[in-house]
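Handing you a structure now.
The values are calculated or read from the model by the stated rules, or taken from the named source; none is laboratory data. Just so it is clear, the model here is predicted, and its values are computed rather than measured. Ideal geometry is used to build each Cβ from the backbone, glycine not excepted, and the neighbour counts take in all protein chains shown.
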Amino acid sequence: MTSICCISDCHLGFRHRLKVQRMKDYEKAFNEALDKALSYEPILLIFGGDTFHHIRPDPKSMQTVVKRIREIADSIPCVFSIGNHEIETHLGSSYIPLLSDMHENIHVLTSESPHKYFKIDGRKLGVHGFQYIRNKKIAEEKLEEITAQISEDDINILCIHQAIEGCLEPHEISLTQLRQSAEKYDLILSGHVHKHQPITEISDITPAFYIGSTERISFNESENETGFLLFTNFDFQKPRFIQINSATMKVIKKDLGRKKPSEINKDIEKIIEENQHIACLRLTLSAEIDGDYFDVFHDWDERYPEFTILDVSLIPASGDETISLERLEINEKIFDEYFEKRGIGDKEELKSLCKELYQKHSN
């Protein structure tokens, strides 16, 4: 069985919410994706871009990638695309092209080197592409240029890291341009969009897919499956999406109704304890607070440090009744009450400074 594995958007080095554990999560997902991919004994590994999250990766992330890829390249060719997180303006600002100098079996697709050909099972297979280009006109001209250079007699794969019209806006590649180029390719792959999905707008001409990501980088992606694409026996129509076990992530939205602060605290505590198996948890809650907002506990992440990320936001709801506003005089008593309700009543120096600044600038 001839297998080709495609991995994208690993984002190594990203400290999601400045959490060191999240850096470890991205490294773990990257290694698991590689281990699973290697179990299928692929004849080619394609990386769809944003292997790193930063232009100049931290030493640990760079070491992880270089060590694994050099070992793999001893027996399996590896082709890399360059993503938007890995480049500013041109190749001088990216470290990814250096991978090509580390092993003869590693090739990075750039404007200067957009084609790589392999002899596989007696067939000639070409992988084509270029680094992420932010300018739509330049990106489309580059796609047209490299497409004109290839032969339709070969098996050709286009691998880019661009936003394609219809899937993500703003886009750098229009459907018109992509459809004009599509007939030259047997398969079109793109990184950039973290949810694996077919690019249906051109699938009537050529099989096309966003590869997906190995780890989620925001709570907006909490429901995305993570993994990589597996193609077997040059069947590009029906790839398998191989899932990996990235860090668990969940978003809960709930209206708690009208309740006293103490009841709201108990409800939030119950929701958190019911989801302690989730590594990254976000609660977006609303409630009509029958009492003082500052009597609702807010520092939940400090109370439950076992979560990698615990994000709790409570939006006070007004209900249907008319809200009456009364003039409130700010005085030293207000400062004292605020500090007590926030649990920082012992911060006398800070409290005195606030009062001093108020007296100085209130008028």
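Could you please let me know if Tyr95 is farther than 24 Å from Glu32 by Cα, of a type outside the set (A, V, I, L, M) and either in contact with a helix residue (DSSP H, G or I) (Cβ under 7 Å, 6 or more places away or on another chain) or in contact (Cβ under 8 Å) with a residue 12 or more places away in the chain (or both)?
No, not satisfied.
In segment 18-44, what count of residues is obtained for those that are modelled with pLDDT under 95 and in a helix (DSSP H, G or I)?
Selection size over segment 18-44: 2.
I'd like the full set of residues that are of a type outside the set (Phe, Trp, Tyr) and buried (at least 20 other Cβ atoms within 10 Å of the Cβ), limited to segment 28-40.
Ala29, Ala33, Leu34, Ala37 - these are the residues of segment 28-40 that are of a type outside the set (Phe, Trp, Tyr) and buried (at least 20 other Cβ atoms within 10 Å of the Cβ).
Do we find a residue being surrounded by fewer than 18 Cβ atoms within 10 Å (Cβ to Cβ), modelled with pLDDT of 95 or more and touching a Leu at 6+ places or on another chain (Cβ under 8 Å) anywhere in segment 227-241?
The answer is yes; a qualifying residue exists.
Residues in segment 72-88: is at least one without any contact (Cβ under 8 Å) to a residue 24 or more places away in the chain, of a type outside the set (Ser, Thr, Tyr) and either farther than 19 Å from Ala33 by Cα or surrounded by fewer than 17 Cβ atoms within 10 Å (Cβ to Cβ) (or both)?
no
Here is a follow-up. Pairs only if they're at least six apart or on different chains, beta carbon under 7 angstrom, first in segment 349-363 and under 12 Å from Glu332 (Cα atoms), second aromatic (Phe, Trp, Tyr) and surrounded by 11 or more Cβ atoms within 10 Å (Cβ to Cβ); list them, first residue then second.
Lys351/Phe335; Lys351/Phe339; Cys354/Phe335; Lys355/Phe335
Please identify the pairs in which a residue from segment 128-141 that is hydroxyl-bearing (Ser, Thr, Tyr) has its Cβ atom under 9 Å from the Cβ atom of a residue that is surrounded by fewer than 20 Cβ atoms within 10 Å (Cβ to Cβ) and modelled with pLDDT under 95, counting only partners at least 6 apart or on another chain.
Close Cβ pairs satisfying both conditions: Tyr132/Asn84.
Considering only residues that are under 13 Å from the mean Cα position of the chain (by Cα) and of a type in the set (A, V, I, L, M), which ones fall in segment 1-46?
Leu12, Met23, Ala29 - these are the residues of segment 1-46 that are under 13 Å from the mean Cα position of the chain (by Cα) and of a type in the set (A, V, I, L, M).
Let me confirm something: among Glu201, Glu225, which residue is part of a helix (DSSP H, G or I), over 22 Å from Val79 (Cα atoms) and in contact with a Gly (Cβ under 8 Å, 6 or more places away or on another chain)?
Glu201
Can we say Glu165 is charged (D, E, K, R), touching a residue at least 12 places away in the same chain (Cβ under 8 Å), farther than 24 Å from Cys78 by Cβ and touching a Leu at 6+ places or on another chain (Cβ under 7 Å)?
yes
Does His192 fit the bill of being assigned to a loop (DSSP other than H, G, I, E, B) and surrounded by 22 or more Cβ atoms within 10 Å (Cβ to Cβ)?
Spelling it out, His192 is indeed assigned to a loop (DSSP other than H, G, I, E, B) and surrounded by 22 or more Cβ atoms within 10 Å (Cβ to Cβ).
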